[in-house]
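First up is the structure itself, then whatever we jot down about it.
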Amino acid sequence: QVQLVESGGGLVQAGGSLRLSCAASGSIFRINVMGWYRQAPGKQRELVANIISGSRTNYADSVKGRFTISGDNARNTVYLQMNSLKPEDTAVYYCNVLSTVREYWGQGTQVTVSS
């Protein structure tokens, strides 16, 4: 049974930084995409960033220049470095992995940015 285990969320002041990590326990066959989504209260879940085939990255416009996604395919781990955090970044952040056979979600980690 594959599980995605997230860590690194917390409370930070505006302008601060956090680093989220997501590690897959168990083996996942042929990972195509690893990424992060977030969901703020009363809003739909949205893509924050993803990394495709271990190299090509995509970012939401709202985080470009502030967040960096990276992955370690050998360890089935994905990271999200978040700098210059803003109160509007406050949300539950979810790790997402898409393989050739199915999609996996983490349990979510809370990120709160105070003004």
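The values are calculated or read from the model by the stated rules, or taken from the named source; none is laboratory data. As the structure is a prediction and not an experimental result, all values here were calculated from the model. In this analysis, Cβ positions are derived from the backbone assuming ideal geometry, glycine residues included, and neighbour counts consider all displayed protein chains. Keep in mind that these areas ignore ligands, DNA and RNA; they rest on the heavy atoms of the full protein, side chains included. Shrake-Rupley method; radii C 1.70, N 1.55, O 1.52, S 1.80 Å.
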Exercise. Can you pull out the residues in the range 1-46 that are on the phi > 0 side of the Ramachandran plot and under 16 Å from the mean Cα position of the chain (by Cα)?
Worked result: Gly8, Gly10
Problem set entry | From Gln81, Gln39, Gln44, residue being of a type in the set (S, T, N, Q) and touching an Asp or Glu at 6+ places or on another chain (Cβ under 8 Å) | Gln39
Problem set entry | Test: Gln44 is open to solvent by 50 Å² or more (accessible area, probe 1.4 Å), under 19 Å from Gln107 (Cβ atoms), free of Cβ contacts under 8 Å to residues at least 12 places away in the same chain and among the polar types (S, T, N, Q) | yes
For this session: Report yes if Glu88 is in contact with a strand residue (DSSP E or B) (Cβ under 6 Å, 6 or more places away or on another chain) and either charged (D, E, K, R) or free of Cβ contacts under 8 Å to residues at least 12 places away in the same chain (or both), otherwise no.
Result: no
Problem set entry | Odd one out for Leu20 among (1) out of contact with any Leu (no Cβ under 7 Å at 6 or more places or on another chain); (2) farther than 18 Å from Ser115 by Cβ; (3) assigned to a strand (DSSP E or B) | (1)
Exercise. In the range 62-75, what residues are more than 15 Å from the chain's Cα centre (by Cα), of a type in the set (Gly, Ala, Ser) and not in a loop (DSSP other than H, G, I, E, B)?
Worked result: Ala74
Seminar exercise, completed: Residue hits (the range 76-109; open to solvent by 40 Å² or more (accessible area, probe 1.4 Å), under 12 Å from Ile31 (Cβ atoms) and assigned to a strand (DSSP E or B)) are Leu98, Glu103
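Only one of Gly35, Gly8, Gly54 is within 18 Å of Ser114 (Cβ to Cβ) and either of a type outside the set (A, V, I, L, M) or modelled with pLDDT of 95 or more (or both); which?
The conditions single out Gly8.
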Seminar exercise, completed: Residues of the range 57-75 being surrounded by 20 or more Cβ atoms within 10 Å (Cβ to Cβ) and under 19 Å from Gln44 (Cα atoms), in sequence order, are Val63
Problem set entry | For Ser27: the one exception among (1) open to solvent by less than 30 Å² (accessible area, probe 1.4 Å); (2) among the hydroxyl-bearing types (Ser, Thr, Tyr); (3) not in a strand (DSSP E or B) | (1)
